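See below for the structure under consideration.
Only the coordinates and a few stated rules stand behind these numbers; no lab work does. Computed from a predicted structure; not experimentally measured. All Cβ positions, glycine included, derive from the backbone under ideal geometry; neighbour counts span all protein chains shown.
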Amino acid sequence: MARYTGADCKQCRREEQKLFLKGTKCFSNKCPFEKKGYAPGQHGRTRRFKQSDYGLQLREKQKVRKIYGIFEAQFRNYFKKADRMRGITGDNLIKLLELRLDNLVYRMGFAPSRKAARQLVRHRHFCVNGKIVDIPAFNVRVGDEIQVRDKSKKMDAIHASIRRIKEGRLLPWLKLEKATLIGTLLEEPIRAEIPLNVNEQLIVELYSK
């Protein structure tokens, strides 16, 4: 399966919900979803039909995949791992996705979107506990420090993104030191504190068939 290379905003329109794939553009009046809040395609404006239970479950799974920018095979592996863990499978799934390095780079404010964060990680701009990591799916553990590399600390893109993080707006399980560009995972997130408008139980039902 090849990675999606089309317009990101079409994915939001397809799911009829903002997925915040374009960073700051999603919050501006240039966001296409605000102008065209209907599905893409020739019949997107008029096509409206009741979805089956399977259709709802499938769309919810596709929505989460698009938000975190991962392949189908990767997503299935995350689900299998979540299913083997103690606790609620849906909550475990979201937690595993949140602990990806590219997601935490985005959550800490080093990048305006997960897509941008993934590119920064691949280009070796970040260290975890002092070691360069260029794997977006790297699993970050409690206590790990994510740091911008010394040679990358002057990047305008990173500083522009950091300036958008206001005091008190960082998620409670994260810590950010703006002066040193170091972020720390304080604890594993719980589902109630993760700002994600999805129903993961539908995904569990889909894979349980």
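Here is the link list: LYS66/LYS154; LYS95/LYS175; LYS80/LYS209. Which ones come out longer than 20 Å on Cα distance? Let's see the in-between values first.
Numbers: LYS66/LYS154 30 Å; LYS95/LYS175 17 Å; LYS80/LYS209 14 Å.
Over 20 Å apart, Cα to Cα: LYS66/LYS154.
FRET efficiency for LYS50 and GLU72, Cβ-Cβ distance as r, R0 = 25 Å, nearest 0.05?
Details: r = 26 Å, r/R0 = 1.03.
Computed FRET efficiency for LYS50 and GLU72 comes out at 0.45.
Net charge near THR180: determine it from the other residues with C-beta under 13 Å of the C-beta of THR180, scoring Lys and Arg +1 and Asp and Glu -1.
Working: positive: ARG149, LYS153, LYS175, LYS178; negative: GLU145, ASP150, GLU177.
With Lys, Arg at +1 and Asp, Glu at -1, the neighbours total +1.
At R0 = 30 Å, how high is the FRET efficiency between ASP83 and LEU171 if r is their beta carbon distance? Nearest 0.05 is fine. Could the numbers behind the result be given before it?
Details: r = 25 Å, r/R0 = 0.84.
Working from the Cβ atoms, E equals 0.75.
Taking the Cα atoms of region 97-209 alone, what are Rg (to one decimal) and Dmax (as a whole number) in Å?
14.6, 50
Go through region 78-86 residue by residue and turn each phi into a ³J(HN,Hα) via Karplus (6.51, -1.76, 1.60, θ = phi - 60°); whole Hz please, and just put x for glycine and proline.
Listing the rounded values in order: 4, 5, 4, 5, 5, 5, 7, 7, 6 Hz.
May I ask you to sort ARG86, ARG118, ARG107 by Cβ crowding, counting other Cβ atoms within 10 Å and putting the fewest first? Present the calculation step by step, with values, prior to reporting the outcome.
Values: ARG86 5, ARG118 22, ARG107 25.
So the residues, fewest neighbours to most, are ARG86, ARG118, ARG107.
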